[in-house]
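Each value in this text was obtained by applying a stated rule to the coordinates, not by laboratory testing. Bear in mind the structure is a predicted one, so any value in this text is a computation, not a measurement. Please note: Cβ atoms are built from the backbone with ideal geometry, for glycine as well, and neighbour counts cover all protein chains shown.
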């Protein structure tokens, strides 16, 4: 950050894990350093956390707010029993009640935060998600600081992929419309346009990086184990060494203009023959 601060206009953090609040002292330390650095150089600063919400009490919220970390994405897998079946403590106890208590405390606080509730849809929680949608509309969604993202669970592979079930396309469409209606007081979902929507994924952007705890530099927060995702290394002296060829592949949408490449560069990723040479380059602001 110190090496790069004079070349940027705005620095934005997106904390994720695992659970970032399990190491909140690190979040505090880095955010505090970055805030002072940005103030000293006239650079804008902000940030948000992807969190399960369990540790997000008001003491933590107020501390983060003072460090300009004001946004939250919190995942919910349905009402208590459904959520607790997938999101348990190490002891086996559920987490929903405490998360809901924290959400209501956020609702009652005067701070200008933003809370995106990511509601997961899967075959096992269909009825529970409908009940949750009605409760969200009644308890939280009158507050403009709260919004909802409906996300059907996808099977992206991995060692536990055999235990992951996804909604079929027809089931997904029906459920999305029903839940959207419940969230929006009976209003139907807005029909999608036939015109392609140009969405640019953060992984396509030249100034967006994932910094792993061991110093690896990546582009995508989903394909974490894909060898092509590791594009460089954060060095001890604060410099970043990047692989030019791999970086170019992630940013290829800017050259091709293909909406698919811009929307998800990880999909149909070109596989270069050799990509083991790490070359220092100047980062793009």
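Side notes on the structure shown:
- For the chain, the longest principal axis of the alpha carbon atoms and the long axis of helix 169-183 meet at an angle near 70°.
- Projecting label points 7 angstrom from Cα along Cα→Cβ for residue 6 and residue 224 puts them 3.6 nm apart.
- Read-out log10 I(q)/I(0) by the Debye sum over Cα atoms at q = 0.07, 0.13 Å⁻¹, derived from the coordinates shown; its label in [x] -0.28, -0.92; [y] -0.24, -0.84; [z] -0.31, -1.10: [z]
- Extension gain, residue 101 to residue 254, is 50.7 nm, computed as 0.36 nm per intervening residue step minus the present C-alpha separation.
- Whether the stretch 202-280 is rounded, prolate or oblate, judged on the alpha carbon gyration tensor where a/c under 1.5 counts as rounded: prolate
- Crossing angle, helix 126-139 versus the chain [Cα axis fit, 0-90 degrees, rounded to tens]: 90 degrees
- GNM result for the chain, Cα springs below 10 Å: residue of 228, 41, 120 fluctuating most strongly: 41
- Put in line by how crowded their Cβ is, counting other Cβ atoms within 10 Å and starting with the fewest, 261, 214 read 214, 261.
- Panel order for 91, 128, 161, 181, by other beta carbons found within 10 Å of each beta carbon, from fewest to most: 91, 161, 181, 128.
- Angle in degrees between helix 24-41 and the longest Cα principal axis of the chain, rounded to the nearest 10: 60 degrees
- Computed FRET value (nearest 0.05) for residue 90 with residue 41, which takes r as the C-beta separation and R₀ as 35 Å: 0.25
- Contact order normalised by residue count of the chain, Cα under 8 Å, 6+ apart, percent: 12 percent
- DSSP bridge pairs, the stretch 5-183: antiparallel proportion in percent, nearest 5: 5 percent
- Most mobile of 80, 18, 53 in a GNM of the chain (Cα contacts under 10 Å): 18
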